[in-house]
1. If we sort 72-81, 90-99 on the protection proxy, mean other Cβ atoms within 10 Å, highest first, what's the order?
2. When Lys and Arg each count +1 and Asp and Glu each count -1, what net charge do the other residues less than 10 Å away from G181, Cβ to Cβ, add up to?
3. For the pair F99 and Y238, what calculated FRET efficiency results from E = 1/(1 + (r/R0)^6), where r is the Cβ-Cβ distance and R0 = 35 Å, to the nearest 0.05?
4. Given Cα positions, please report Rg to Rh for the range 194-241, the hydrodynamic radius being the Kirkwood one.
5. Between S212 and D140, what's the calculated FRET efficiency when r is the beta-carbon distance and R0 is 25 Å? Round to 0.05.
6. Which length gain, in nm to one decimal place, applies between S180 and D193 when the Cα-Cα distance is subtracted from 0.36 nm times their residue separation?
7. If the cut-off is a Cα-Cα distance under 24 Å, which lysines reach K165, setting aside same-chain residues fewer than 8 apart in sequence?
8. What is the distance, in nm, between label points placed 7 Å from the Cα along the Cα-to-Cβ direction at S118 and at S65?
Amino acid sequence: MNLKKHALAVMLSATLPGLVMAEETISGFDGFVSAGYGRNSMKADGSSSVTENIGDLRFSGAYTSPSGFGGQIDNVYTKQKLVSQLNVGITDFAGHIYFRNTDFLIGVIGQRRTFDFSVSTGDASADLSADASLDLIISDRTFLGLEGQAYFGDLTIAAQGGQQKLTSAVSKASTGSNPSGSFANVQARYFLDENWRLDGTYSYGKVDFVDSAIKSNGIGLATEYRFSDSPFSVFARYDYLDSSANSTSFKNNRAMLGVKFNFGKESLKQRDRSGASLNPVPADNSIMAIANGFSG
């Protein structure tokens, strides 16, 4: 009997630390603040390309309980110039509820996007938010969807998809309802080491109107490196987006550089597996703002 008790005690002493370690791995607070700046080139069929500045600020914070259930919030502000004297500010608030363990994450996302449109002439600036001619471009949006992640050694596969609905006064007045559509994103993340990450993304978006639809397809490449024993990391990303509406296509090429201040998890890979690893649906399309490629 004493031999059996001793054997049981040995087994528990070997197993419990592993269980505790797994629990500590997925639980806790994590987050970051980032700032990015770059150039965005836009071209419509039959016209010359226009290249302007673009910048964004982002805060993301997450908490995962020892049980694996958790939540994350994101706030992103994007400021860009579309053409000379025409500016747009895009504000996104997103919330995620999820369950995760050391093998996968599954959850839901809800997000609200609002716009601030303005045109500057000399020192004057006029608010265009109420301009009906721009209503379909700057319509506020609501996103609802599912998301998930799966972990395979140094590789993570993330996916996100659902429905989006526009708030369009012009469309509702003429049809009695607001336009709606769908979005989908897939991302592969590969870790060269604990603090060096490479990303590849594909995105799809569609919004249906009365007699037409706006569709977008995008691809992106990104990398992030976190300095050893430092809360700071740097990133670079490139996005290409092809959108079409009524047989007219719009092409975007965007390149950005940025810096992050990280808190919580001690490495980029730890964040990916147990921290603020989810993304909001970003507004990568400077013209229609319907694209859905991952960011950050």
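Bear in mind that the values in this text are calculations on the coordinates, not laboratory data. Bear in mind the structure is a predicted one, so any value in this text is a computation, not a measurement. Every residue, glycine as well, gets a Cβ built from its backbone with ideal geometry; the counts of neighbours run over all protein chains shown.
1. 72-81, 90-99
2. +3
3. Efficiency, from the Cβ-Cβ distance: 0.60.
4. 1.27
5. Approximately 0.80, to the nearest 0.05.
6. 0.6 nm
7. K79, K206, K215, K251
8. Each label point is offset 7 Å from its Cα along the Cβ direction, giving 4.3 nm.
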